[in-house]
Amino acid sequence: MADEVCEALRLDRLLLVPAAQPPHKPAAELAPAAHRYRMTALAVREHPRFEVSDVEVTRSGPSYTVDTLTALQDRGRLHLIIGSETFLDLLNWREPRRVAALARLVVIPRNGMGFDPETPAALKVMRELGLPGFVPVGVEPPDDPAPILLHAASLPISGSDLRRRAREGRSLAFRMPEAVVSYIRDQQLYRPEA
């Protein structure tokens, strides 16, 4: 999906930012941040436009997107790529209006899940963030703050499912790059404490 986003938006680079302390996820479910950073680097090491940033891993405290975007604003015009479920939850984030001001939102519906940008929930988010309606990819003026609605192919795989499979000792083959599968196995990540 990330590769398709790069092509559709004609991005020079796609920056992946593993969160050190995601404020909305229980820490017990996650591998330590240094391991998640390393797995992300392994997963994308051969893609010429993908880069992994340690901006959140090296910063103390919870990993708030607004702080990360502020730290990255000298890199040029930013886009924040999020799923449609995340978009509908944006009002629960720290400083959501500032997030929308620091980066153009790119919303991607999850495969197999409908997302109607005209629902009351979606319209409420747009109104609260002070944003105009969605624009489809390809017609977006560069300085327009309107979020982009991009339908990109993705595999029906979730991070929580992958962590559960690893915890249960089940196969991760064909669900992530082999280098990451090997890293999880070698580091004995996501295994229950004995």
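The values are calculated or read from the model by the stated rules, or taken from the named source; none is laboratory data. What you see is a predicted model; the values in this text were computed from it and never measured. Glycine gets a Cβ as well: all are built from the backbone with ideal geometry, and neighbour counts include every protein chain shown. Keep in mind that these areas ignore ligands, DNA and RNA; they rest on the heavy atoms of the full protein, side chains included. Shrake-Rupley method; radii C 1.70, N 1.55, O 1.52, S 1.80 Å.
From (1) surrounded by fewer than 14 Cβ atoms within 10 Å (Cβ to Cβ); (2) on the phi > 0 side of the Ramachandran plot, pick out the condition that doesn't hold for residue 127.
(2)
Name every residue in segment 170-194 that is part of a loop (DSSP other than H, G, I, E, B), surrounded by 13 or more Cβ atoms within 10 Å (Cβ to Cβ) and free of Cβ contacts under 8 Å to residues at least 40 places away in the same chain, in order of residue number.
Within segment 170-194, 172, 175, 191 qualify.
Are there any pairs, at least 6 apart or on different chains, whose C-beta atoms fall under 6 Å, with the first in segment 1-20 and within 16 Å of residue 78 (Cα to Cα) and the second open to solvent by 20 Å² or more (accessible area, probe 1.4 Å) and among the charged types (D, E, K, R), and if so, which?
Matching pairs, first to second residue: 6/49; 13/49; 13/51; 14/49; 15/51.
In segment 99-108, how many residues are touching a Leu at 6+ places or on another chain (Cβ under 8 Å) and not in a strand (DSSP E or B)?
Total meeting the criteria: 3.
Right, residue 167: open to solvent by 40 Å² or more (accessible area, probe 1.4 Å) and more than 30 Å from residue 137 (Cβ to Cβ) or not?
So residue 167 fits the description; yes.
It is to be established whether one or more residues within segment 132-141 are small (Gly, Ala, Ser) and buried (at least 16 other Cβ atoms within 10 Å of the Cβ).
No, segment 132-141 has no match at all.
Could you tell me which numbered condition residue 60 fails, if it satisfies all but one of (1) open to solvent by 60 Å² or more (accessible area, probe 1.4 Å); (2) at pLDDT 95 or above; (3) not acidic (Asp, Glu)?
Just one mismatch for residue 60, condition (2).
For segment 143-164, which residues satisfy the criterion of being in contact (Cβ under 8 Å) with a residue 40 or more places away in the chain, in a helix (DSSP H, G or I) and surrounded by 15 or more Cβ atoms within 10 Å (Cβ to Cβ)?
Within segment 143-164, just 163 meets the criteria.
Find all pairs meeting these conditions: Cβ atoms under 6 angstrom apart; at least six residues apart or on different chains; first residue within segment 71-91 and of a type outside the set (Ser, Thr, Tyr); second residue open to solvent by 50 Å² or more (accessible area, probe 1.4 Å).
Pairs found: 83/110; 88/121; 91/128.
Within segment 4-33, take every residue that is exposed (fewer than 13 other Cβ atoms within 10 Å of the Cβ) and not acidic (Asp, Glu) and give me the one that is farthest from residue 158 (Cα to Cα).
Checking each candidate, the answer is 10.
When the residues of segment 89-119 are narrowed to those that are open to solvent by 20 Å² or more (accessible area, probe 1.4 Å) and within 18 Å of residue 152 (Cα to Cα), which ends up modelled with the lowest pLDDT?
Filtering segment 89-119 for residues that are open to solvent by 20 Å² or more (accessible area, probe 1.4 Å) and within 18 Å of residue 152 (Cα to Cα), the one modelled with the lowest pLDDT comes out as 112.
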